[in-house]
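Every read-out reported here was derived from the displayed coordinates using simple, explicitly stated rules and does not represent laboratory data. Model, not experiment: these values are computed from the prediction. Glycine also receives a Cβ, built like all others from the backbone with ideal geometry; neighbour counts cover every protein chain displayed.
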Amino acid sequence: MITKTLFDLNSLLRPNIKQLVPYSSARDEFKGKEGIFLDANENSFGSPLSENYNRYPDPLQLGLKEKIGKVKGLPTENIFLGNGSDEAIDILFRAFCIPGKDKVIICPPTYGMYEVSANINDVEVKKVNLLPESFQLNSDKIIEAIDNKTKLIFVCCPNNPTGNGVKWLDIKLILESFKGIVILDEAYINFASYRSLIPELLNYPNLVILQTFSKAWGLAGLRIGMAFASQQIIDVFNKIKPPYNINALSQQKAIAALSNIEQVNVWIKTIVAERELLIKKLGLLSCVIKVYPSEANFVLVKVTDANELYTYLSRQQLVVRNRSKVELCEGCLRITIGTKEENEKLITAIKQYADQ
């Protein structure tokens with residue numbers, strides 16, 4: 001492994017970020033929990049809600065991070081929490097990529113926010129497509145695409161919208177060949193047959209892992225994303241983020257959810273079982289050309305006419321995602337795993353469509 005000798009975080013940071021003096025909030029300056037608080041211009045009389053939301057939340061979400069750290073086996077110093085994973089993605093661009101100068105690599109078909117965030121930040125995107133059908137990384141082409149302006153490489157595993165896992169050996173090769181930062185998006189890791197690569201953070205200082213409360217935890221409405229990395233990288237995240245980026249209610253609800261892991265694990269097992277059953281049933285339908293293997297809570301399905309089937313299902317109030325215009329996903333629909341009853345309604349509707 002050569003990464004530790006190659007990687008120099010300071011050389012990657014934008015000059016203005018190196019010099020940035022972060023905003024210091026009232027809650028940063030006084031860390032005690034008791035006292036008469038006359039420092040943050042809050043409403044001292046309370047709020048119209050029964051809960052006491054008149055005070056600003058913990059800017060570093062330490063209570064929630066401690067709970068997450070116990071689950072993930074990490075100290076709080078290696079955890080960043082954002083307003084969804086999208087905030088972490090945006091911060092990576094703002095920290096490391098000089099607009100109009102630097103570049104990033106993405107591997108389509110993949111999560112669309114990588115490219116959107118790059119465009120917002122005026123950062124050039126170099127695309128190295130996944131291999132057709134297998135949707136694995138073309139690691140040789142990725143390494144060829146790296147130049148001295150390349151700062152970030154995004155890898156989604158399990159991948160969205162294809163659902164497959166990515167080979168560790170390919171990720172490892174990229175990590176050990178690249179002086180910049182590799183972002184591994186594990187939004188769907190809870191549904192996979194393999195474990196998170198969080199333990200590899202000890203071996204690769206240029207690795208950032210993204211996860212979320214939106215999928216397996218069923219907390220999409222709270223908008224809490226997680227980034228795990230070295231303390232040096234997390235310090236950069238905290239330097240850039242808004243002071244109170246996770247509201248008090250979201251912090252409280254996430255802490256409560258982390259006390260109910262048993263229920264979440266039951267849901268995960270049920271979703272995985274329903275996924276395999278849905279894959280089997282879809283494969284028997286005449287309008288289905290192929291159901292791709294999935295390690296996520298959705299399946300990618302190639303059908304005879306994706307646009308027509310999508311419209312038909314919409315009329316039945318069955319809403320799936322039409323991915324037929326995405327490169328390498330031509331003719332495909334992406335279907336989230338629903339409840340047993342929802343999946344049965346879907347199969348019945350597609351069968352009726354096929355039998356017309």
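Isolated cysteines in the chain, defined as those with no second cysteine Cβ under 4.7 Å, comprise C97, C107, C156, C157, C287. Quick one: plug the Kirkwood hydrodynamic radius of region 1-98 (C-alpha pairs) into Stokes-Einstein at 25 °C, 0.890 mPa s, and report D in µm²/s. Rounded to a whole number, D works out at 144 µm²/s. Looking at this model, which pairs from K31/K239; K65/K127; K72/K141 are more than 26 angstrom apart at the alpha-carbon? The pairs that break the limit, which is 26 Å between Cα atoms, are K65/K127; K72/K141. Remark: relative contact order (region 262-354) = 28 percent; criterion is Cα-Cα distance under 8 angstrom and separation of 6 or more residues. Here the 3J(HN,Hα) profile of region 154-164, calculated from phi with Karplus coefficients 6.51, -1.76 and 1.60 at θ = phi - 60°, is 9, 10, 9, 8, x, 7, 10, x, 7, x, 7 Hz, Gly and Pro shown as x.
Computed from backbone phi, the HN-Hα couplings of region 137-150 come to 5, 8, 4, 4, 5, 4, 5, 5, 6, 6, 9, 6, 9, 7 Hz, rounded to whole numbers (Karplus: 6.51 cos²θ - 1.76 cosθ + 1.60, θ = phi - 60°; Gly and Pro given as x).
A straight line joining the Cα centroids of region 131-206 and region 48-117 runs 19 Å.
Taking Cα atoms only, the orientation of helix 168-177 departs from the longest principal axis of the chain by about 40 degrees.
Oblate is the label for region 203-276, because the ratio a/c of its alpha-carbon gyration tensor axes (a ≥ b ≥ c) is 1.5 or higher and a/b is not greater than b/c. When the square roots of the Cα gyration tensor eigenvalues are ordered a ≥ b ≥ c, the ratio a/c for region 63-172 is 1.5 or more and a/b does not exceed b/c, which makes its shape oblate. Its DSSP H runs of at least 4 residues, each contributing -39,500 (n - 2.57), put the calculated 222 nm mean residue ellipticity of the chain at -10500 deg cm²/dmol, to the nearest 500. How far is helix 231-240 tilted off the main Cα axis of the chain, in degrees rounded to 10, range 0 to 90? In the chain, helix 231-240 runs at an angle near 80 degrees to the longest axis. Using the alpha-carbon positions of region 3-257, Rg (one decimal) and Dmax (whole number) come out as 19.1, 62 Å.
The C-alpha atoms of the chain define a longest principal axis, and helix 340-354 lies at about 40 degrees to it. For region 90-99, putting each phi into the Karplus relation 6.51 cos²θ - 1.76 cosθ + 1.60 with θ = phi - 60° gives couplings of 5, 5, 4, 5, 6, 7, 10, 10, 6, x Hz, in residue order, rounded to whole numbers and with x for Gly and Pro.
Classify region 262-354: rounded, prolate or oblate, from the alpha-carbon gyration tensor (a ≥ b ≥ c, eigenvalue square roots; a/c under 1.5 rounded; otherwise prolate if a/b is larger than b/c)? Here region 262-354 falls in the prolate category. Only beta bridges with both residues in the chain are counted; by DSSP, about 55 percent of them are antiparallel.
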